[in-house]
1. How many residues does the stretch 41-84 hold that are touching a Pro at 6+ places or on another chain (Cβ under 9 Å) and outside any helix (DSSP H, G or I)?
2. Assuming Pro38 fulfils every condition listed in (1) under 30 Å from Pro14 (Cα atoms); (2) part of a helix (DSSP H, G or I); (3) open to solvent by less than 70 Å² (accessible area, probe 1.4 Å) apart from one, which condition is it?
3. Find the helices (runs of 4 or more DSSP H) located wholly in the stretch 153-242 whose residues include 2 or more that are under 30 Å from Ala49 (Cβ atoms), and list them.
4. List pairs: first residue in the stretch 116-132 and assigned to a loop (DSSP other than H, G, I, E, B), second residue among the basic types (Lys, Arg) anywhere in the structure, Cβ distance under 9 angstrom, at least six positions apart or on different chains.
5. I'd like the full set of residues that are open to solvent by 10 Å² or more (accessible area, probe 1.4 Å) and within 26 Å of Val231 (Cα to Cα), limited to the stretch 158-169.
6. How many residues, within the stretch 134-156, are closer than 19 Å to Val124 by Cα and hydrophobic (A, V, I, L, M, F, W, C)?
7. When the stretch 1-35 is examined, which residues are found to be surrounded by 12 or more Cβ atoms within 10 Å (Cβ to Cβ), at pLDDT below 75 and not hydrophobic (A, V, I, L, M, F, W, C)?
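The values are calculated or read from the model by the stated rules, or taken from the named source; none is laboratory data. Everything quoted here is computed from the prediction, not taken from an experiment. With ideal geometry, Cβ positions are generated from the backbone for all residues, glycine too; neighbour counts draw on all protein chains shown. Ligands, DNA and RNA are excluded from the accessible area calculation, which covers all protein heavy atoms including side chains. Shrake-Rupley method; radii C 1.70, N 1.55, O 1.52, S 1.80 Å.
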Amino acid sequence: MTNAPEAPSAQDRPGLIGRAVGVLTSPRSTFEHVVAEPRWAGILAVSVAIVAVLSAALVSTDFAQRELLEQQRSSVEAFGMTVTPEMEEQFAQGLAIATYTTLGSTLVGIPILCLILTAILYGVGSGFLGSQAAFKQVLAVVAHAGVVFGLQQLFVAPLNYVRESIQPPTTLGAFAPMLDADTFLYRLLSGVDLFYLWWLMALSIGLAVLWRRETRPIATTLFVVYAAVAVALAVVRTAFGV
């Protein structure tokens, strides 16, 4: 037994595109369909493909290669090391295949992260909330919430190409250019992305439908966890100067 609503009839069943758009425009009703009939493979494949292809395309540009090289140099120097010619050669070799490594790591890494997150949420739901939701239902909710990341790349990749920068333009840090990039506050704001907040909200709605609970406490918990991670990363980056 699961806590899923009755599966929709064939004529009322939304297709892949309908579910993708629905997550963005009418998430609650869309997730009701997703939970009732959990399909995850197609939506996950499309989202991952969009993120992988656009990320790899951006990395292949000259300005991205220069920026990545500078980031690697800065990271080494932040730990008090000197960039040697041998290191420069290693950096160049890595950047030469960066397009392919970005494509491959994204195609493999995102599904793995999706499964890990699903396992965590499945454990929380069944272990702490008494949910009888099947693993497949949780996976379907996680996969559909990931549509937000596909939209993010469709928005960010062309914008970054025009800006000739790989720095995320949708973080709170992007709205505070007056701050010194080396300060804790700027690093903290740069760790908060508007699309991640949107994703957390969509995921919260999906989990609320799945677990038959109110959205607000779920969303609050996820936002608090995200804020804690952002603060921790800002502290580390400030301490090591990266």
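1. Looking only at that region, the number is 0.
2. Every listed condition holds for Pro38 apart from (2).
3. Filter on the stretch 153-242 gives 194-211, 215-240.
4. Listed pairs, sorted by first residue: Leu129/Arg213; Ser131/Arg212; Ser131/Arg213.
5. Of everything in the stretch 158-169, those that are open to solvent by 10 Å² or more (accessible area, probe 1.4 Å) and within 26 Å of Val231 (Cα to Cα) turn out to be Ser165, Ile166, Gln167, Pro168, Pro169.
6. Residues flagged as closer than 19 Å to Val124 by Cα and hydrophobic (A, V, I, L, M, F, W, C) within the stretch 134-156 amount to 9.
7. Result: Thr2, Asn3, Pro5, Pro8.
To keep it simple, each residue is scored yes or no on (1) surrounded by fewer than 16 Cβ atoms within 10 Å (Cβ to Cβ); (2) of a type outside the set (Val, Ile, Thr).
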residue: Ala181; (1), (2): yes, yes
residue: Tyr196; (1), (2): no, yes
residue: Ala202; (1), (2): no, yes
residue: Val209; (1), (2): no, no
residue: Val231; (1), (2): yes, no
residue: Phe240; (1), (2): yes, yes
